[in-house]
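K.L.:
This is the structure, below, for whatever I ask next.
The values are calculated or read from the model by the stated rules, or taken from the named source; none is laboratory data. If you're wondering where the values come from, they're calculated on a predicted model, not measured in any experiment. Here the Cβ positions follow ideal geometry from the backbone for every residue, glycine too, while neighbour counts run over all protein chains shown. Surface areas here come from the heavy atoms of the whole protein model, side chains and all, with no ligands, DNA or RNA. Shrake-Rupley method; radii C 1.70, N 1.55, O 1.52, S 1.80 Å.
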Amino acid sequence: MPGRNGRRGLTRRQVVGAGGAAALGLVTPWRYAVAAKVAPMTIVINQSPWFDSFRKTVELYEKETGNQVELDVNPFAGSLEKQRNSVRAAKGQYDLLIMNGGWVAEMYFGGFVEPIAEIDPAFKLDPDVYTLDNTVYFDAAKKAMSAGGKLMSVPISPLIPLLYYRGDLYKEAGLKAPETFAELEANAKKLHKPPGRYGIVQRGARGPASVSYDFYPYLYGFGGGIFKNQSAGDYTVTLNNEAGRTALDYYLRIAKEAGHPQTASLDQAEVIQNMLTGKAAHIMVVISAWSQVDDPDKSAVIDKVEFAVPPHAQGFSTAPGLGHWLGGIARNVPDDRKRSALEFLRWFQTKEAQLAYAKNGGIPVSAASYRDPIAQERRFRWMKPLGDALPHAVNIYQFPEASEVISILELGLNQAVAGSTTSVQALNGMAEQIFGVMSKRNYNTGKLPALP
Amino acid sequence: MKPIASAAAHVAAVEAEPSATVSQPTAADFARGLDERLWRWLTLSPALLLLLALSVLPLLNLFATSFFTVSWSGGHSSFTAAGLNNYRELAGDTLFRAGILNTVLFALFAVGGQMLCGFVLALLCTGVARGRLLYRTIFILPILVPGIVVGAIWKLLLNYDFGLVNQATALIGFDAVNWLGSANTALASVIFVDIWHWTPFCFLLFLAGLQSLPQDVYEAAKIDGASGWQELAYVTLPMMLPTIMVTFAFRLVLAFKVFDEVYLLTGGGPGTATQVMSFTLYQRFFREDQTGYGSAMSVAIIFMTCLLLSAAFAARGRMGAAR
């Protein structure tokens, strides 16, 4: 690489500087040695409940390495729009894109994210870092997120829903944490004392990814699914099969018999609010809300909430839907900034950074953190169930038009929860519309006969 | 003869255009006129070009994009000709159809409510001799509140579990109502919030209109022995008609563009109960990134808005001609 004066090779000052840095590396802690001194970079990120923990971890990175990071923080939808604008320009504004599982396919398929090996062929994903149903990889030839593809990103927040339940009420009633949907239903009904307390509070409102995200653990936990086999490129719509009907009937039944009277209008914030104010015995929401339940400024149920792996039907395993965040490096930024972004990711995946992240209130992406003694501490009681559930997490969508399908599910499921359609009408209607979307985009698709 | 007849004659006289004396133009007048017209066009042309660049070209671009399907691969966009498919699909779009119906309902009731409340408040304020400034300040407060804050205020007030409205109604024995979450009340709630937010706009325009009305017409009406209602019906309303129509047109266009209140309060739900056109467009264009289809939807919405405005102004023209 040419030096500043245009000559190849290193100048005397560079050699002396490098020698000094190497000598300093021998006497400084590991952390300083892991991340190299690199150019300033910008991360575009959303304002989620876990953002504060990420910000603190970034500050730690800056302190330890001296590298500069600028955070561009936005609401959920705003972050996607800013990312689209940046990656579609000739020259990008953001170096590291914090991508949600819902739009990561759009970024991979669109060719907006640089494969990590093209920035540093020697980079290896830490074997302890969860690959989250292989969503960190992308096989451009097969147009699939599979382990055979190139490494495209590093997990930032492995969000999935967990079951939050009132441990104090369970103790009083002599109940044990539910493992199956049958147990959850029985326990929810037992603790259902409206209007003071609801057995379960569900997220039935229509939104960008609201009721559909709430429904995935039920759909997949009953052995259902939206498509036959996305990884194999088979997009036959299977939403309206028997498993789908059983799942939706169950979801509607517990809402009616043990749920909040206005489930169809409850979004995530209201569901969490019901738990924090003691009005819900169970909720199944994203794990990032964990820090709120023990926050004296926010919660009336401090130390009363326990966490469990999302239940499943007998004969199936738990199947929480991924709502995770991945860090991908934009293709259209200068090389030095790509290396800056990669340096941060390299540092972020270390066990020490992950533990600091957890202590700051974040959700670690490394299994090593879940094996650490920290996971035994009372305030991190969610770590064990999360560690147990993560290997079963399901990537619901592997194609860039996912938001169109989500939009169909949001409306159809919301109408079913509101009681304006039956489960069969909703499933048949949604399946037909999803088939239409996939056909229009020339996917290998098909549909099942309508449910009677 | 009706007692208000002479006042009505005054109104007609006030509204009548002064007739101009027309004389035959000479050749010199024609040449001077040509020069003036040329000079006028020359001086206007920079502004016209700017207007063309900022308004017409984006619209043309939108129109052109509406005939394509846009996709991305390898970091580059590709445009595939879609013919009229994007426009054909509009007819089968459940959300778009629901959006049209709800937008029309929203516009009719919200604008109607704002016009009525604004006019009544303006009339009351005009009749007040002391403290008019205070009343005026209080009445215009909601319009000063940013839309996002309006959303936060009413989301809290109308919350089913913790909202002040339900807590207040519970005190007098009513059951809690899911104002924003029930298909029966959600649209009405959003309309109510919009009326609360935008009535001051109508109020201000009406107040300005009322204060500029010539007082001699009212004096004539009084001399004729007109009652308060007759004064309102035969003097105030006819003279206020231009202001009312302009206010109506402004509000109608803004009501057709409603987005923030729906986005913040209901997200279009429950079901499609509060789905409005702008929100559907936001979903299709931005959230789902359907650039071509979203452009077609945009063109359709612009066309409908223009149609509506034309109808409103045609109605105004007819009313003016009838009088």
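K.L.:
Cα centroids of region B:78-136 and region B:150-209: how far apart, whole angstrom?
P.N.:
16 Å
K.L.:
Please find the FRET efficiency linking B:ALA31 to B:THR126, where r is the Cβ-Cβ separation and R0 is fixed at 56 Å, and quote it to the nearest 0.05.
P.N.:
Numbers: r = 51 Å, r/R0 = 0.92.
About 0.60, to the nearest 0.05.
K.L.:
By a straight-distance test (C-alpha under 19 Å), which aspartates and glutamates pair with A:LYS91 as possible cross-link partners, with residues fewer than eight away in the same chain excluded?
P.N.:
Candidates past the 8-residue exclusion: A:GLU70, A:ASP72, A:GLU81, A:GLU106, A:GLU114, A:GLU118, A:ASP335, A:ASP336.
K.L.:
Same structure, new question: Taking each residue of A:269-278 in turn, how many C-beta atoms of other protein chains fall within 10 Å of its C-beta, and what is the average? Can you show the working numbers first?
P.N.:
Values: counts 1, 5, 0, 0, 3, 2, 0, 0, 2, 0.
Taking the mean over all residues of the peptide, I get 1.
K.L.:
Select from region B:70-85 all residues whose loss of accessible area on going from the chain by itself to the full protein assembly reaches 50 Å² or more (probe 1.4 Å).
P.N.:
B:TRP72
K.L.:
Under 8 Å for C-alpha pairs, at least 6 residues apart: give me the relative contact order for region B:75-224, rounded to a whole percent. Can you show the working numbers first?
P.N.:
Working: 105 pairs, mean separation 49.2, N = 150.
About 33 percent, as a whole number.
K.L.:
Among B:TRP39, B:THR280, B:VAL120, which residue has its Cα positioned farthest towards the positive end of the charge dipole of chain B, with +1 placed on the Cβ of Lys and Arg, -1 on the Cβ of Asp and Glu, and the dipole taken about the Cα centre?
P.N.:
With unit charges placed on the Cβ atoms, the residue in question is B:TRP39.
K.L.:
A further question follows. With a point put 7 Å past each Cα toward its Cβ, work out how far A:LYS193 is from B:GLN24 in nm, to one decimal.
P.N.:
Calculated label separation equals 10.2 nm.
K.L.:
Per residue of B:268-277, what is the mean number of Cβ atoms on other protein chains within 10 angstrom of that residue's Cβ? Display every interim value, and only then the final one.
P.N.:
Values: counts 5, 14, 13, 12, 5, 5, 1, 2, 0, 0.
Mean shielding by partner chains, rounded to a whole number: 6.
K.L.:
In whole percent, what relative contact order does region A:113-229 give with Cα contacts below 8 Å and a gap of six or more residues?
P.N.:
On the way: 84 pairs, mean separation 15.2, N = 117.
Relative contact order here is 13 percent.
K.L.:
For a test of the definition: using alpha carbon positions, the gyration tensor, and the 1.5 limit on a/c, classify the protein assembly as shown as rounded, prolate or oblate. Before the final figure, lay out the partial values.
P.N.:
Numbers: a/c = 2.05, a/b = 1.50, b/c = 1.37.
Taking the square roots of the gyration eigenvalues as a ≥ b ≥ c, the protein assembly as shown is prolate.
K.L.:
Something else: With only Lys, Arg, Asp and Glu charged, each at its Cβ (+1 for the first two, -1 for the last two), find how big the charge dipole of chain A is about the Cα centre; round to the nearest 20 debye. Provide the component values of the computation, followed by the final result.
P.N.:
Details: 49 positive and 44 negative charges, 177 e Å.
That gives chain A a dipole magnitude of about 860 debye.
K.L.:
To continue, here is another question. FRET efficiency for B:ARG318 and B:VAL149, Cβ-Cβ distance as r, R0 = 35 Å, nearest 0.05? Please list the in-between numbers first.
P.N.:
Numbers: r = 41 Å, r/R0 = 1.17.
The formula returns an efficiency of 0.30 here.
K.L.:
Related question: Mind telling me which of B:THR80, B:THR43, B:THR185 comes out most flexible in a GNM of chain B, alpha-carbon contacts under 10 Å?
P.N.:
B:THR43
K.L.:
Longest segment of chain A with no GluC sites (Glu not before Pro) in a DSSP loop having at most 16 other Cβ atoms within 10 Å?
P.N.:
A:180-376
K.L.:
What is the antiparallel percent of DSSP beta bridges lying wholly in chain A, to the nearest 5?
P.N.:
Numbers: 26 of 42 bridges.
So the antiparallel bridges amount to about 60 percent of the total.
K.L.:
Taking the Cα centre of region B:95-322 as origin, sum charge times position over the Cβ atoms of Lys and Arg (+1) and Asp and Glu (-1), and report the length of that vector in debye to the nearest 20. Write out the running numbers ahead of the final one.
P.N.:
Values: 12 positive and 11 negative charges, 54 e Å.
Using Cβ point charges on Lys, Arg, Asp and Glu, region B:95-322 gives about 260 debye.
K.L.:
In nm, to one decimal, how far is the modelled label at A:ASN442 from the one at A:LYS56, with both set 7 Å along Cα→Cβ?
P.N.:
A separation of 5.1 nm, rounded to one decimal place.
K.L.:
Between region A:375-405 and region A:246-316, how many Å separate their Cα centres?
P.N.:
Region A:375-405 and region A:246-316 have Cα centres spaced 16 Å from each other.
K.L.:
Filter A:LYS298/A:LYS351; A:LYS63/A:LYS338; A:LYS298/B:LYS155; A:LYS82/A:LYS298 down to the pairs with a C-alpha to C-alpha distance above 23 Å, please. Walk me through the intermediate numbers first.
P.N.:
On the way: A:LYS298/A:LYS351 30 Å; A:LYS63/A:LYS338 20 Å; A:LYS298/B:LYS155 19 Å; A:LYS82/A:LYS298 31 Å.
Cα-Cα > 23 Å for A:LYS298/A:LYS351; A:LYS82/A:LYS298; rest within.
K.L.:
In addition: For B:LEU307 and B:ALA81, what is the calculated FRET efficiency with R₀ set at 30 Å and r taken between the beta-carbons, to the nearest 0.05?
P.N.:
Working: r = 27 Å, r/R0 = 0.91.
Once the sixth-power term is evaluated, E becomes 0.65.
K.L.:
Hey, quick one: spin label on A:ALA450, modelled 7 Å out along Cα-Cβ, who in region A:206-246 has an amide N within reach, i.e. under 16 Å?
P.N.:
Of the residues in region A:206-246, A:239-241 have backbone N under 16 Å from the label point off A:ALA450.
K.L.:
Hey, could you get me the Stokes-Einstein D for chain A, Kirkwood radius over alpha-carbon pairs, 37 °C and 0.692 mPa s, rounded to whole µm² s⁻¹? List each step's numbers first, then the result.
P.N.:
Values: Rh = 23.2 Å.
For these conditions, the coefficient is 142 µm²/s.
K.L.:
With each pseudo-label sitting 7 Å past Cα toward Cβ, what's the A:ASP294-B:VAL246 distance in nm, one decimal?
P.N.:
Spacing of the two 7 Å Cα→Cβ label points: 6.4 nm.
K.L.:
Which residues of region A:384-410 end up with at least 40 Å² less accessible area in the presence of all protein chains than when their chain stands alone, using a 1.4 Å probe?
P.N.:
A:SER403, A:GLU404, A:SER407
K.L.:
Classify region B:95-322: rounded, prolate or oblate, from the alpha-carbon gyration tensor (a ≥ b ≥ c, eigenvalue square roots; a/c under 1.5 rounded; otherwise prolate if a/b is larger than b/c)?
P.N.:
Working: a/c = 2.53, a/b = 1.40, b/c = 1.80.
Oblate, because a/c is 1.5 or more while a/b does not exceed b/c.
K.L.:
If the reach is capped at under 17 angstrom between alpha carbons, list the aspartates and glutamates near A:LYS304, excluding any in the same chain fewer than eight residues apart.
P.N.:
Within the straight-line limit of under 17 Å, A:LYS304 reaches these aspartates and glutamates: A:ASP168, A:GLU172, A:ASP294, A:ASP295, A:GLU377.
K.L.:
A further question on this structure: Counting partner chain Cβ atoms within 10 Å of every residue's Cβ in B:177-184, what's the average?
P.N.:
On the way: counts 1, 5, 1, 3, 11, 4, 6, 0.
Partner-chain Cβ atoms within 10 Å, mean over residues of B:177-184: 4.
K.L.:
If you don't mind, there's one more thing I want to ask. Among all helices in chain B defined by DSSP H, which have a length of 24 Å or more along the axis from Cα atoms plus a Kyte-Doolittle mean of at least 0.5? Don't jump to the answer; show the numbers that get you there.
P.N.:
Details: long enough: B:27-51 (35 Å, 0.44); B:94-127 (49 Å, 1.68); B:186-211 (37 Å, 1.54); B:237-256 (27 Å, 1.83); B:291-322 (46 Å, 1.16).
Span-like helices, by this rule, are B:94-127, B:186-211, B:237-256, B:291-322.
K.L.:
To the nearest hundred square angstrom, how large is the accessible surface buried between A and B, total for both chains, probe 1.4 angstrom? Mind showing how you got there, number by number?
P.N.:
Working: alone 19150 and 19080 Å², together 35870 Å².
Roughly 2400 Å² of accessible surface disappears when A and B pair.
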